[in-house]
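K.L.:
Mind having a look at this structure? Questions to follow.
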Amino acid sequence: MSIEIIENATPELEEAFARLIPQLSGSSTPMNLARLEEFLSQPHIYLLVCRREENSGGKMPILGMLTLVTFEIPTGRRAWIEDVVTDADARGQGVGRELVEAAVELAEKLDVKSIDLTSRPNREAANRLYRRCGFAARETNVYRYAGPKRN
């Protein structure tokens, strides 16, 4: 497997988003090329993708991806891992583990104080993966603002 940090939007990336985002969230619309460019241009956002090693036929398809977000707050530099998804046809082959381990390695190089992620309890395989990669459940509550939408 090989991990890449993606810096530019391409038709291949647009296709991967169209295939992978619905597997992650039925309520999210995959980004088009223009939105991908905007997303990738943000500072401190790292999109990692995983593929099988290249062969003589060229680049292999994207099997999974995640986003690492870093930010500075008064208590230190922090990181969040978001939107981890492995293609259904590639699950159980180590794609998720490769991605998470690469994100942790990158976050450590960026000298973050903590690396957090959230995962729904019903995503049992994902939760097992995160524990195997060294993450531990925290005793905390996570809240999302549920008020009226703002324009």
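The values are calculated or read from the model by the stated rules, or taken from the named source; none is laboratory data. The shown structure was predicted, so the numbers you read here are calculated from the model rather than taken from an experiment. Using ideal geometry, Cβ is built from the backbone for each residue, glycine included, and neighbour counts are taken over all protein chains shown.
K.L.:
Of the residues MET60, MET1, MET65, which single one is modelled with pLDDT under 95, under 20 Å from ARG132 (Cα atoms) and of a type outside the set (Lys, Arg)?
P.N.:
Selected residue: MET1, the only one of MET60, MET1, MET65 that is modelled with pLDDT under 95, under 20 Å from ARG132 (Cα atoms) and of a type outside the set (Lys, Arg).
K.L.:
Return only the number of the condition from (1) modelled with pLDDT of 95 or more; (2) closer than 25 Å to VAL142 by Cβ that GLU38 does not satisfy.
P.N.:
Every condition holds for GLU38 apart from (2).
K.L.:
A follow-up question, please. If ARG77 passes every condition in (1) closer than 14 Å to TYR46 by Cβ; (2) exposed (fewer than 10 other Cβ atoms within 10 Å of the Cβ) but one, which one does it miss?
P.N.:
Unmet for ARG77, out of (1) closer than 14 Å to TYR46 by Cβ; (2) exposed (fewer than 10 other Cβ atoms within 10 Å of the Cβ): (2).
K.L.:
When residues of region 1-16 are filtered for being assigned to a helix (DSSP H, G or I) and either in contact with a Pro (Cβ under 7 Å, 6 or more places away or on another chain) or loosely packed, with under 14 Cβ neighbours inside 10 Å (or both), how many remain?
P.N.:
3
K.L.:
Just one of ARG19, ARG35 is basic (Lys, Arg), in contact (Cβ under 8 Å) with a residue 24 or more places away in the chain and surrounded by fewer than 17 Cβ atoms within 10 Å (Cβ to Cβ); which is it?
P.N.:
Residue meeting the stated conditions: ARG19.
K.L.:
So for region 88-107 (the condition being without any contact (Cβ under 8 Å) to a residue 24 or more places away in the chain and under 15 Å from the mean Cα position of the chain (by Cα)), does at least one residue qualify?
P.N.:
Yes; the residues of region 88-107 include at least one that is without any contact (Cβ under 8 Å) to a residue 24 or more places away in the chain and under 15 Å from the mean Cα position of the chain (by Cα).
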